[in-house]
Amino acid sequence: MTTVLRATDSAAFLGIVPRLAGFTPRRSIVLLPFRGARTEGAMRLDLPQDATDLGLYADAAVGLVSRVAGTDAVAVVVYTDEESHPTRDGLILPHAVAVDELLGCAEDAGLRVVDALCVTPSGWSSYIEEEPELGALAQICSPADLPAMGDVSGDQSAGTELPVVDLVEKERVGRAVTELADLLDAQGNGRLTGRENPQLIAALVLLEDIPTFFESVLAAPEGLPPFATATLLWCLDQPVLRDVAIAQWATDLTGGIRTLDAQTAFVESGARVPDDLGRVFLGRGPAPDTGRLRSALSVVREAASRAPRSTRRAPLTAAAWLSWALGRATHAAHYLERVREIDPEYSLAALLETMIGGAMLPEWAFRRGLTE
């Protein structure tokens, strides 16, 4: 069964979509899962390309939206740079064939279709109306009774650029990275002289309790001092410690300690890592605290912005995983592209690309309707 919103309802609904998504989609198809008359989230997909198998595209899209707990209906909104075409037989909306395929798959899956709308550069309309008409973009506005929200005017790629850091700060971090690497090498060979920079010695102290260090950085989302940044970059560049950081930021301090112990045991004796720890990386299990994930994402973005190019791949990959865990697949793909430019064979980035390319999303994203 299809429930077509009235014109005024549809315009108001379009005004809500960016608030649900957290941005204003562009060149996208947005699926909104409904439970009864209520929707709380939005799922964004790239528009299908000319060579796309629309049947497979629609099946995958409906399969994803069906995974959102309690979903019994769906609305579809297309955001496109293409214009609609008036003909003698009526208005032809862009991507109408793809939307028709989507709606057919949704109904085959037992989902009620709430509406299917299109936003073009010059107006908006409905795919379901028998004689669609183009409404003015000025009609699209958020209801006045909705609570205030941050700026959502940017598209799905907004916010992916790394923070701007001045050259002096980058040089300080670069020197700290070099000095810390030299010191760790000297320490491994028993050649500490006692004349080392006190800040370097302080960095060694941080490394004595790595889970505590990883926990402490969450309190500095706007950036760490140079030697602390260098310490974080060194840790993230060690695969074992990088995995500890990701698991801890997605759980808690105890989770970090357990992961470090498990990783150490695996390296030393090949002991199996507990399943619940491995499931975190795959996006399974209890949903992480989104505040922790956002703080960690800010930290690694700041670190990447200050890092020498040779040490940037690790924080960028961590940023990709954290973005993915938050349901921001577009952001994750952007960071992975940056990693590929530095090191096309970086293993964790390649694994994440496979997961994202296969439309794999965290299970917890479907439970809270937060996917992009």
Margin query: Can you list residue pairs whose Cβ atoms sit under 8 Å apart, with the first residue in segment 333-344 being farther than 16 Å from GLN156 by Cα and the second being of a type in the set (Lys, Arg) and in a helix (DSSP H, G or I)? Count only pairs 6 or more apart in sequence or on different chains.
Written below: VAL339/ARG313; ILE342/ARG309; ILE342/ARG313; ASP343/ARG313
Margin query: Regarding segment 327-339, can at least one residue be identified that is buried (at least 20 other Cβ atoms within 10 Å of the Cβ), among the basic types (Lys, Arg) and not in a helix (DSSP H, G or I)?
Written below: yes
Notebook entry, point to check: For segment 236-260, what are the residues that are in a helix (DSSP H, G or I) and farther than 19 Å from LEU352 by Cβ?
Noted result: LEU253, THR254, GLY255, GLY256, ILE257, ARG258, LEU260
Margin query: Going by what's in this entry, would ALA350 be described as in the same structural domain as ALA245 (by TED's automatic domain parsing), assigned to a helix (DSSP H, G or I) and crowded, with 18+ Cβ neighbours inside 10 Å?
Written below: no
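Can you name every residue in segment 44-96 that is in contact with a His (Cβ under 7 Å, 6 or more places away or on another chain) and either closer than 24 Å to ARG19 by Cβ or not hydrophobic (A, V, I, L, M, F, W, C) (or both)?
Result: LEU47, VAL78, THR80.
Each row is one residue, and each column tells you yes or no for (1) in the same structural domain as PRO121 (by TED's automatic domain parsing); (2) in a strand (DSSP E or B); (3) of a type in the set (Asp, Glu); (4) more than 18 Å from the chain's Cα centre (by Cα).
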residue	(1), (2), (3), (4)
ALA11	yes, no, no, yes
LEU14	yes, no, no, yes
ARG19	yes, no, no, no
ARG26	yes, no, no, no
VAL30	yes, yes, no, no
PHE34	yes, yes, no, yes
ARG44	yes, yes, no, no
PRO48	yes, no, no, yes
ALA51	yes, no, no, yes
Check: Can you find a residue in segment 148-158 that is at pLDDT below 90 and over 27 Å from LEU336 (Cα atoms)?
Finding: yes
Item checked: Top-ranked residue in segment 287-312 [being touching a helix residue (DSSP H, G or I) at 6+ places or on another chain (Cβ under 7 Å) and assigned to a loop (DSSP other than H, G, I, E, B); ranked as surrounded by the most Cβ atoms within 10 Å (Cβ to Cβ)] -> ALA307
Check: Any chance segment 262-276 includes a residue that's within 20 Å of the chain's Cα centre (by Cα), in a loop (DSSP other than H, G, I, E, B) and in contact (Cβ under 8 Å) with a residue 12 or more places away in the chain?
Finding: no
Checklist line | Among residues of segment 236-256, those that are crowded, with 19+ Cβ neighbours inside 10 Å and free of Cβ contacts under 8 Å to residues at least 60 places away in the same chain, counted | finding: 8
Check: Is at least one residue of segment 265-280 farther than 30 Å from VAL168 by Cβ, in contact with a Phe, Trp or Tyr (Cβ under 6 Å, 6 or more places away or on another chain) and at pLDDT 90 or above?
Finding: no
Check: So which residues in segment 53-73 are of a type in the set (Ser, Thr, Tyr) and farther than 10 Å from LEU102 by Cα, if there are any at all?
Finding: SER66, THR71
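The values are calculated or read from the model by the stated rules, or taken from the named source; none is laboratory data. In this text the structure is predicted, and so the values were computed from the model without any measurement. Using ideal geometry, Cβ is built from the backbone for each residue, glycine included, and neighbour counts are taken over all protein chains shown.
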